[in-house]
Structures are given as C-alpha cells and as structure tokens.
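Structure first, commentary second.
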Amino acid sequence: MLPTPSTSHVAFERIYEPAEDSYLLLDTLSSENEKLFLQNRFRAASHSPSPLVLEVGTGSGVVLSFLNAHSEVILGRPDVLTIGIDVNKFACKATEQTVIVAQQELTAQNLSHGFYVGNVLGDLTSSLKAGEVDILVFNPPYVPSPELPSLPLGEDSTQTSFEDDSRLLALSYAGGVDGMETTERLLASLPEILSQQRGCAYILLCAQNKPDKVKDGIKRWGAGWAVETVGTSGKTGGWEKLQIVRVWRTDVK
Amino acid sequence: MKVLTLNFLTCAVKACKSTSTSFPLHPKDCELVSDTIEPNALLILNILPRIDWNALITTASELGFPTLPALPPTRDELESNEKMMSELHTLLLETQISEGSLVCGNCGHEYKIKEGIANFLLPNHLV
Ligand SMILES: C[S@@+](CC[C@H](N)C(=O)[O-])C[C@H]1O[C@@H](n2cnc3c(N)ncnc32)[C@H](O)[C@@H]1O
C-alpha cells in the first residue's frame with residue numbers, strides 16, 4: 001500500500017472530503033494490473049516525452065497528489081507532469097497545498113515525485129488545448145439529482161456564505177439525470193482532449209449511472225478506442241456500488 | 001501556476017478554439033515568483049519534445065525572459081549546453097505566475113490569475 005496524502009488542512013465544509021470513491025481510485029491506480037498497463041504505455045523507453053496527467057475535479061487533491069507523489073512507482077518514471085482543474089476555487093487552493101505538502105515530505109526523504117504545474121479554476125476541460133493529456137482521471141459528481149447546481153461564474157467574493165458553501169458541496173456530488181450529466185460532458189470531450197498517441201482516462205461510475213450503458217456508448221466510438229472496468233468497490237452491493245472504467249486509445253504506436 | 005502551464009492552456013470560449021490566435025494566451029501585468037528547484041535535466045530533456053516551441057518563445061519574451069532560439073535545441077544539443085539548460089530550468093520549472101491575467105489573442109477575454117490560480121470560468125454572456 002502506498003501512503004495516502006495528508007488532507008488535514010482541507011476545509012471540508014466547502015470541499016469534498018475523501019471517501020470510498022476517492023480511495024477506490026487510489027487502490028485502482030496503484031493496483032498491479034494498472035501499474036502494468038501504465039508502465040507498458042509510459043515507461044521512459046527511448047526518451048518518450050514526459051506524460052501529462054490531468055485530474056478533473058480535484059477536490060481536496062488527494063488523488064492528484066497521490067499520482068504526483070508516486071509517479072515513479074505507478075508510471076515507472078519520475079518525469080511526469082501533473083495538473084488539476086476544479087470548478088471550486090477553494091478546492092484548487094486545497095489541492096495545491098495537498099500536492100506541495102506531499103512533495104516536501106518526499107524530498108526530505110530523498111524520494112522522487114512528479115512535477116505539478118498547478119491548478120486551474122474552470123469547467124471540465126474547457127481551458128485545455130487539444131491533444132495534450134496522456135492520463136485523465138475523474139471522480140465526478142455522480143449522484144442522481146433533480147437538477148444540476150449552476151456553476152460559479154467566476155464572481156469575486158472571497159467571503160463565502162453558508163449558501164455558497166452548500167452550493168459548492170452540491171457541485172461535488174450532484175450529477176443530474178442518472179447522475180451522468182457532468183460525466184457525459186466529460187466523456188464527450190475525451191476524443192479532443194486525450195493525446196493521439198497515448199491518451200487514456202480513468203472515470204468513476206456508480207451503479208445508478210447505468211455503467212453498462214455508458215460502456216456500450218463508448219464502444220460505439222469505434223475502432224481505436226477501448227473501455228474496460230478495472231476496479232470495483234464490490235463488497236457492499238448497496239445502491240452506491242462503485243466502479244472505475246478505463247477508456248483508452250488502442251492505436252498506440 | 002508554473003509558466004509551463006501556458007503551453008497547455010487555451011481560451012475557454014468555444015468559438016476561439018479553432019483560431020490560431022487563441023494560443024498561447026498572453027500574460028498581462030503578471031507578478032512572477034521563483035521557487036528554488038534542484039536541477040532536473042531528465043525532466044527538461046523529456047519535456048522538450050512535447051513543448052510547443054513557438055508558443056514558448058512568445059511566452060518567454062512576453063514575460064521578459066531572455067530570447068529563445070528560433071528552433072528548439074535537439075536533445076544532444078541541450079545536454080551539452082549548460083547555459084540553455086539553466087535558462088529552461090528557470091523558465092519552465094522555477095517560475096510561477098502568482099497574480100495578473102491571461103488574455104486571448106482572438107476574443108480579448110482576460111482570465112484573471114489570483115494566488116497562482118487562473119480563473120477560466122466564463123461570465124454568462126460567453127458561455
Ligand atoms: C466527487 S468530488 C471528487 C473530489 C476528489 N477528486 C476525490 O476523489 O476525493 C467531485 C469534484 O468535481 C468538481 N466538479 C464538479 N463539477 C465540475 C466541473 N463542471 N468542472 C470541474 N470540476 C467539477 C467538484 O467541485 C468536486 O471537487
């Protein structure tokens with residue numbers, strides 16, 4: 001088990017607190033199966049360019065910080081670039097801190113870590129240039145809800161009221177119809193955002209997202225794409241049974 | 001955020017994506033801070049092939065860094081050119097933008113940067 005980054009500095013009244021879904025992502029990304037997949041794809045053989053890892057919806061930063069801290073163990077190379085995006089500015093700040101705290105601990109122990117370029121406040125991948133992302137990770141707002149909370153508009157209050165906080169928290173879990181409204185938009189952006197050569201994505205789904213239907217939809221993207229469930233929370237069988245699907249380009253040179 | 005981030009960002013307005021002037025975004029009134037980072041030649045050598053060099057030339061000159069050569073160095077050239085290596089180290093790894101804004105060359109929209117976080121959330125009329 002690789003150590004989980006500390007998030008003790010994070011204000012959980014307005015930022016998603018790491019939960020079963022977050023830990024399933026950590027376990028899956030560091031599983032033998034995924035290490036093998038990622039290392040085959042990204043190992044520094046013949047000076048391949050440094051991979052760019054993007055986490056969308058970083059929240060506390062626990063997942064991105066984990067990938068950044070353990071890039072050498074997971075990807076087989078330390079020269080990995082990491083970047084985070086969240087629609088919640090407090091989550092962006094918290095992520096930065098979570099990543100930096102973990103980096104400092106590693107540096108003090110003379111251990112390697114990836115290179116974190118920063119966090120951006122934004123809606124999904126809308127601020128990114130096409131074709132740059134090699135590994136995208138998304139633990140979305142996936143709980144079905146009557147409506148999707150509106151996104152902040154970049155207005156400038158630093159003071160937050162209780163209502164602002166609860167809207168930010170709602171944005172972290174409420175997913176609209178089937179819990180899929182935000183995830184659908186993210187999936188639709190993958191062909192543009194993921195790098196032509198090596199792009200792959202890890203996306204968390206819950207049972208109510210109708211994962212089989214989601215996977216069938218991706219299979220219809222046609223040749224050059226594959227999708228597979230690579231991690232499950234299995235044991236509970238409750239209404240929030242979770243799984244991680246890996247979506248990847250198969251025409252890797 | 002690190003200066004390197006500008007090599008991955010573009011205007012969030014849909015209509016700008018297809019225009020060549022929306023990338024790179026142009027830093028405006030930016031405050032820079034510098035982290036001290038241990039030399040990491042491997043990282044620079046492996047970032048080099050994925051960098052949009054022309055965009056980096058623009059970014060470097062707009063932020064007031066020494067002018068970069070018109071063509072990117074090859075891996076061998078960079079390995080044996082200490083001065084170039086250290087300039088890229090400073091520009092790509094050590095320099096952060098803490099305050100200021102990024103301006104789209106197509107629509108002119110300004111994305112504010114506060115405490116190192118660039119805000120790409122669009123106002124209603126641009127969504
Ligand atoms: C379920 S939480 C996951 C947080 C963290 N990654 C984890 O695993 O613990 C979902 C995150 O997505 C963010 N989010 C929701 N809608 C978003 C959007 N349209 N663009 C970017 N981030 C979004 C929320 O603010 C929240 O931080």
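The values are calculated or read from the model by the stated rules, or taken from the named source; none is laboratory data. Everything numeric here is computed off the predicted structure, so don't read it as measured data. Counting neighbours? That spans all protein chains shown, and the Cβs are built from the backbone with ideal geometry, glycine included. For the accessible areas, the whole protein counts, side chains as well, though only heavy atoms, and no ligand, DNA or RNA atoms are used. Shrake-Rupley method; radii C 1.70, N 1.55, O 1.52, S 1.80 Å.
Were the residues from residue A:215 through residue A:1 laid out at 0.36 nm apart, the gain over their Cα-Cα distance would be 74.1 nm. Summarising the label geometry, the points placed 7 Å from Cα in the beta-carbon direction at residue B:115 and residue A:72 lie 3.2 nm from one another. Chain A packed on chain B takes about 2800 Å² of accessible surface away from a 1.4 Å probe, both sides summed. Restricting the count to DSSP beta bridges whose residues both fall in the protein assembly as shown, what percent are antiparallel, rounded to a multiple of 5? The answer is about 55 percent antiparallel. Ignoring lysines fewer than eight residues from residue B:17 along the same chain, the ones with Cα atoms less than 16 angstrom from its Cα are A:129.
To the nearest ten degrees, helix B:53-62 and the longest principal axis of the Cα atoms of chain B are 80 degrees apart.
So, by mean Cβ neighbours within 10 angstrom, what's the order for B:102-115, B:3-16 with the highest one leading? If you can, show how the numbers build up before the last one.
Working: B:102-115: 18.0, B:3-16: 21.5.
Descending mean neighbour count gives B:3-16, B:102-115.
For chain A, modelled as a GNM whose springs connect Cα atoms under 10 angstrom apart, the maximal fluctuation among A:171, A:194, A:128 occurs at A:128. With a simple spin-label model that places each label point 7 Å from the Cα along the Cα-to-Cβ direction, the separation between residue B:125 and residue B:74 comes to 5.3 nm.
Grab the DSSP H runs of chain B that are 4 residues or longer, score each as -39,500 (n - 2.57), total them, divide by all residues and round the 222 nm result to the nearest 500 deg cm²/dmol. Present the calculation step by step, with values, prior to reporting the outcome.
Details: 4 runs with 30 residues, N = 127.
That calculation yields -6000 deg cm²/dmol at 222 nm.
Inter-label distance, residue A:20 to residue A:162: 2.9 nm, where each label sits 7 Å from its Cα along the C-beta direction.
Output the direction-averaged projected area (hull surface divided by four) of the convex hull of the alpha-carbon atoms of chain A, in nm². Let's see the in-between values first.
Values: hull surface 54.4 nm².
Quarter of the Cα hull surface area: 13.6 nm².
Where in region A:177-194 is the amide nitrogen less than 18 Å from a point lying 7 Å along the Cα-to-Cβ axis of residue A:207? Taking a point 7 Å out along Cα→Cβ of residue A:207, the residues of region A:177-194 whose backbone N falls under 18 Å are A:178-180. Only helical runs count toward this figure. For chain A, summing -39,500 (n - 2.57) over DSSP H runs of n ≥ 4 and dividing by all residues gives -10500 deg cm²/dmol at 222 nm. Solvent-accessible area of the protein assembly as shown (1.4 angstrom probe, protein heavy atoms only): carbon and sulfur portion equals 54 percent.
Averaged across B:5-13, how many Cβ atoms of other chains sit within 10 Å of each residue's Cβ atom?
Working: counts 7, 2, 5, 11, 9, 6, 3, 8, 1.
What the average comes to for B:5-13 is 6.
Figure the gain on full extension for residue A:47 and residue A:188 (residue separation times 0.36 nm, minus the Cα-Cα span) and round it to one decimal in nm.
On the way: separation 141, 0.36 × 141 = 50.76 nm, distance 3.13 nm.
The residue A:47-residue A:188 span can extend by a further 47.6 nm.
Here the calculated FRET efficiency for residue B:81 and residue A:196, from their Cβ-Cβ distance with R0 = 30 Å, stands at 0.50, rounded to the nearest 0.05.
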